[in-house]
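> Structure below; questions to follow.
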Amino acid sequence: MAKILVINAGSSSIKWNLFSDKLEVEAKGVAQRIKMAEGILSLDYNGKKSDTITELPSFLETVKKLVAMWEENGIIKDFDEIGQVAFRIVNGGPHLQKTSEVTEESIKHLEESIDLAPVHNPGAIEAIKAFRTLLPNAKMTMHFDTAFHRTLPKLAYTYPINYSVTEELNIRKYGFHGLNHHYIALKSEEILGKKGVNVVSLHIGNGASLCAIENSQSVDTSMGFTPLAGVMMGTRSGDVDPSIIPYIMKHKNMSISDVMKMLNEQSGMLGVSQFSSDLRDIGKARLENPQAQFALDLYIQRIVDYLITYLNRIQGKIDAIVFTAGIGENDEYVREQVIKKVRLVNLTIDEAANKNRDFKDYKLISTKESEIPVYVIRAEEEMYIAKEASKFFN
Ligand code: ADP
């Protein structure tokens with residue numbers, strides 16, 4: 001079996017991980033600032049990290065430079081060693097709801113769904129086309145952040161708006177971060193030693209979503225038609241009353257795209273704190289800066305409200321509450337405050353376990369008295385994709 005390359009392409013970047021046939025990470029890196037002045041190729045291989053500044057004028061040129069870099073560093077000897085390329089895709093739209101092979105038809109479906117993920121999907125499509133040109137013999141698959149949520153019941157995915165418009169335009173909650181929420185379900189099965197787990201998964205990184213997992217399937221999730229919905233995030237507002245949009249347009253003389261940009265890029269933690277989207281900065285500043293503390297309080301409250309809703313949504317005994325992703329894995333204050341604010345269920349945190357940073361793939365942070373165990377599980381999207389890809393053609 002040959003190597004598997006996992007690609008996560010954004011609007012101006014390509015994150016890559018190269019896995020051996022035994023699914024071990026052999027090398028990884030990021031190409032950043034594609035189509036901007038001075039691109040950066042970062043490489044992490046054999047315990048050494050390096051950054052190379054170079055022009056990356058297009059996705060095709062970037063992929064050419066990546067392949068050349070892998071050859072120069074002895075990561076691959078020839079192109080055919082890469083037997084499979086697996087692409088992470090934010091939204092596959094209504095036609096692509098399961099892991100799919102890259103074909104002319106699936107690329108066409110993806111192109112038709114650009115509106116649904118305007119920031120992410122164009123880069124992904126360009127990356128797919130570039131890798132198809134350079135690695136014509138590799139088998140290729142698409143892995144969707146929306147796929148895990150295809151089990152949402154109609155009651156969870158329907159918006160209460162004019163139903164004929166809903167049907168005509170395929171308006172529904174898609175949900176995102178599904179690759180990691182699914183991994184969390186599988187990892188929880190492994191940790192708890194049972195099949196079919198009931199879990200609330202809190203994926204809180206720069207983007208954030210909660211997922212209600214019943215019998216290891218997604219039954220509700222906080223992101224919606226796009227990744228703007230749900231809890232407050234690093235730069236995204238999360239849920240707001242839609243009437244605010246025309247109100248701001250009118251009074252600030254802004255266009256719809258200006259306001260959408262504000263809600264996506266200048267809101268959330270950045271917008272409320274007025275200085276940073278990064279929880280590390282906010283955490284350091286909060287004791288001296290009341291606005292930073294307020295932003296954090298608002299952030300925590302919005303997470304708690306969804307957590308309560310999802311604890312109530314799942315039928316049957318809940319097996320675990322799981323924190324994951326950048327903030328979920330690293331920020332003990334956010335975890336502690338979220339759990340403290342849950343009043344309907346008796347949850348108790350073990351302070352020492354919560355503070356301990358020295359853990360491998362997961363840790364338990366609740367005490368024996370807690371009605372529901374609370375875990376931290378490290379996000380593993382790339383490994384999850386590599387595993388799925390390795391099984392796809394067998
Ligand atoms: P993305 O959604 O971009 O994948 P990540 O899951 O990598 O985001 O999370 C990134 C965020 O995690 C950062 O913006 C930062 O707020 C937070 N973070 C990372 N490390 C720490 C830390 N040690 N303490 C608190 N927050 C952290």
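The values are calculated or read from the model by the stated rules, or taken from the named source; none is laboratory data. What you see is a predicted model; the values in this text were computed from it and never measured. Here the Cβ positions follow ideal geometry from the backbone for every residue, glycine too, while neighbour counts run over all protein chains shown. Just the protein is used for accessible areas: all its heavy atoms, side chains included, with ligands, DNA and RNA removed. Shrake-Rupley method; radii C 1.70, N 1.55, O 1.52, S 1.80 Å.
> Every residue in the stretch 162-173 that is within 18 Å of L228 (Cα to Cα), among the hydrophobic types (A, V, I, L, M, F, W, C) and open to solvent by 70 Å² or more (accessible area, probe 1.4 Å), please.
Correct list: empty.
> Quick check on my filter: what residues within the stretch 269-288 are open to solvent by 60 Å² or more (accessible area, probe 1.4 Å) and assigned to a loop (DSSP other than H, G, I, E, B)? So that I can check it myself, show each step before the final result.
Going through the stretch 269-288, the residues open to solvent by 60 Å² or more (accessible area, probe 1.4 Å) turn out to be 274-275, 280-281, 284, 287-288.
Listed by number, the residues that qualify are Q274, F275, L287, E288.
> Does A138 count as more than 30 Å from S58 (Cβ to Cβ), touching a residue at least 12 places away in the same chain (Cβ under 8 Å) and not polar (S, T, N, Q)? Quick ask: steps written out before the conclusion?
Values: more than 30 Å from S58 (Cβ to Cβ): no; touching a residue at least 12 places away in the same chain (Cβ under 8 Å): yes; not polar (S, T, N, Q): yes.
So A138 does not fit the description; no.
> Pick from I308, I314: which is aliphatic (A, V, I, L, M) and crowded, with 18+ Cβ neighbours inside 10 Å?
On the way: I308 fails: crowded, with 18+ Cβ neighbours inside 10 Å.
Just one listed residue meets the conditions, I314.
> Right, another one. All but one of (1) closer than 16 Å to I300 by Cβ; (2) assigned to a loop (DSSP other than H, G, I, E, B); (3) open to solvent by 40 Å² or more (accessible area, probe 1.4 Å) hold for K368, so report the exception by its number.
Every condition holds for K368 apart from (1).
> Given (1) away from the ligand (no atom under 13 Å from the Cβ); (2) buried (at least 21 other Cβ atoms within 10 Å of the Cβ); (3) not hydrophobic (A, V, I, L, M, F, W, C), identify the lone condition not met by Q291.
In the conditions (1) away from the ligand (no atom under 13 Å from the Cβ); (2) buried (at least 21 other Cβ atoms within 10 Å of the Cβ); (3) not hydrophobic (A, V, I, L, M, F, W, C), Q291 misses (2) alone.
> What is the residue count in the stretch 333-360 for residues that are within 16 Å of the ligand (Cβ to nearest atom) and either outside any helix (DSSP H, G or I) or among the hydroxyl-bearing types (S, T, Y) (or both)?
Residues flagged as within 16 Å of the ligand (Cβ to nearest atom) and either outside any helix (DSSP H, G or I) or among the hydroxyl-bearing types (S, T, Y) (or both) within the stretch 333-360 amount to 5.
> Moving on to the next point. In this structure, does H203 turn out to be within 16 Å of the chain's Cα centre (by Cα) and more than 16 Å from the ligand (Cβ to nearest atom)?
Numbers: within 16 Å of the chain's Cα centre (by Cα): yes; more than 16 Å from the ligand (Cβ to nearest atom): no.
For H203, the condition - within 16 Å of the chain's Cα centre (by Cα) and more than 16 Å from the ligand (Cβ to nearest atom) - is not met.
> Please enumerate the residues belonging to the stretch 300-332 that are in contact with a helix residue (DSSP H, G or I) (Cβ under 6 Å, 6 or more places away or on another chain), part of a helix (DSSP H, G or I) and within 11 Å of the ligand (Cβ to nearest atom).
Hits for the stretch 300-332 are I327, E332.
> Any residue that is more than 16 Å from the ligand (Cβ to nearest atom), of a type in the set (V, I, T) and surrounded by fewer than 20 Cβ atoms within 10 Å (Cβ to Cβ) - is there at least one of those in the stretch 249-258? Steps first, answer last, please.
Narrowing the stretch 249-258 to residues more than 16 Å from the ligand (Cβ to nearest atom): 249-258.
Then drop every residue that is not of a type in the set (V, I, T), which leaves 256.
Next, only the ones that are surrounded by fewer than 20 Cβ atoms within 10 Å (Cβ to Cβ) stay: 256.
Looking through the stretch 249-258, at least one residue is more than 16 Å from the ligand (Cβ to nearest atom), of a type in the set (V, I, T) and surrounded by fewer than 20 Cβ atoms within 10 Å (Cβ to Cβ).
> Then there is this: So, A292, is that one over 22 Å from G234 (Cα atoms) and assigned to a helix (DSSP H, G or I) or not? Steps first, answer last, please.
On the way: over 22 Å from G234 (Cα atoms): no; assigned to a helix (DSSP H, G or I): yes.
Criteria not met by A292.
> Name the single residue, out of those in the stretch 217-237 being away from the ligand (no atom under 16 Å from the Cβ) and open to solvent by less than 20 Å² (accessible area, probe 1.4 Å), that is farthest from L279 (Cα to Cα). Break it down stepwise before answering.
Residues of the stretch 217-237 that are away from the ligand (no atom under 16 Å from the Cβ), as a first pass: 217-220, 224-225.
Subsequent filtering for residues that are open to solvent by less than 20 Å² (accessible area, probe 1.4 Å) retains 218, 220, 224.
Numbers: S218: 28, D220: 26, G224: 23 Å.
Step by step, filter the stretch 217-237, then rank; the result is S218.
> Restricting to the stretch 259-268, what's the tally of residues that are surrounded by 18 or more Cβ atoms within 10 Å (Cβ to Cβ) and either in a loop (DSSP other than H, G, I, E, B) or within 16 Å of the ligand (Cβ to nearest atom) (or both)? Before the answer, list the steps.
Of all residues in the stretch 259-268, those surrounded by 18 or more Cβ atoms within 10 Å (Cβ to Cβ) come to 263-264, 267-268.
Retained after the next criterion (residues that are either in a loop (DSSP other than H, G, I, E, B) or within 16 Å of the ligand (Cβ to nearest atom) (or both)): 264, 267-268.
Selection size over the stretch 259-268: 3.
> Find the strands (runs of 3 or more DSSP E) located wholly in the stretch 1-107 whose residues include 1 or more that are more than 28 Å from K173 (Cβ to Cβ) and in contact (Cβ under 8 Å) with a residue 40 or more places away in the chain, and list them.
Details: elements: 3-9, 14-19, 25-32, 39-45, 48-54, 82-89.
Per the criteria, 3-9, 14-19, 25-32, 82-89.
> Which one of the conditions (1) away from the ligand (no atom under 16 Å from the Cβ); (2) more than 30 Å from Y157 (Cβ to Cβ) does V240 fail to meet, given that it meets all the rest?
(2)
> Only residues that are open to solvent by less than 80 Å² (accessible area, probe 1.4 Å) and among the aliphatic types (A, V, I, L, M): list them for the stretch 42-60, please.
The answer is L43, L56, L60.
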